[in-house]
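Worksheet: the structure to be examined is printed underneath.
The values are calculated or read from the model by the stated rules, or taken from the named source; none is laboratory data. Everything quoted here is computed from the prediction, not taken from an experiment. Virtual Cβ from ideal backbone geometry, glycine too; neighbours counted across all protein chains shown.
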Amino acid sequence: MDDRPRFTVLAGSLRTDSLNRAAADFAAAHLSVKGKVECPDLAPVPLFNEDLELSGDPSPVQNLKQAVVSSQAILIFTPEYNSGVPALTKNAIDWLSRPYGAGCLIDRVVGIACVGPSSRGGENVREHLLQTCTGLTERVYPLTLGVPNVFELESGRLPAIAEASIKAWLDEFFTFSRKWFPETN
Ligand SMILES: Cc1cc2nc3c(=O)[nH]c(=O)nc-3n(C[C@H](O)[C@H](O)[C@H](O)COP(=O)(O)O)c2cc1C
């Protein structure tokens, strides 16, 4: 049996040259040395609708929930839109929050990060998401990561300075999360 820690990494942007998608991919590669990583695609996840939920979770939602339930730690890389949480990110969290009071994020460590062009590194989205996730699990990593002043990918990658700050944060996140990982870690 694989008793390495298990991570789910979510990217809250659909665009091809997304900074946050690149950050999520970088994080997944870094964490894959430490454990098993899943990156469920949020694109096919439908808008949350209680009627849809009543008739049974659609398969993209089942895939998303399954990844999260089988992980000890969840990393969310999201842009900031209009000083808040983009619909794609919030929609995924809304599905994961269900059923009310018994959602999939309970007992999962959650880390929140934003990469973007602003000088404040998506301070608002990180603050909003921290508040939302704190209502869904007691294991939110309180130190969110903002990677400011990143404007575009360079040959498909984030600038080296951005990758370095993500790597350092992931290592701190790993240390914070460790007590909830399988005992051999
Ligand atoms: C609808 C929209 C609203 C935005 N609002 C903000 C904002 O409030 N704060 C901010 O720092 N950037 C904002 N931006 C810029 C994004 O941070 C930037 O486009 C970023 O690269 C998006 O993330 P991605 O590269 O992962 O797609 C906005 C972009 C869009 C498309």
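Count of the stretch 1-39 residues, restricted to those that are crowded, with 24+ Cβ neighbours inside 10 Å, of a type in the set (A, V, I, L, M, F, W, C) and away from the ligand (no atom under 16 Å from the Cβ), is 1.
Starting from residues that are among the hydroxyl-bearing types (Ser, Thr, Tyr) and not in a helix (DSSP H, G or I), keep the ones in the stretch 133-185 and report whichever is surrounded by the fewest Cβ atoms within 10 Å (Cβ to Cβ). Taking the candidates together, the pick is Ser155. When the stretch 40-51 is filtered for residues that are away from the ligand (no atom under 16 Å from the Cβ) and of a type outside the set (Asp, Glu), the ones remaining, listed by number, are Pro40, Pro44, Val45, Pro46, Leu47, Phe48, Asn49. Listed residues Cys114, Cys104; which is at pLDDT 95 or above, in a loop (DSSP other than H, G, I, E, B) and under 23 Å from Ser177 (Cα atoms)? The match here is Cys104.
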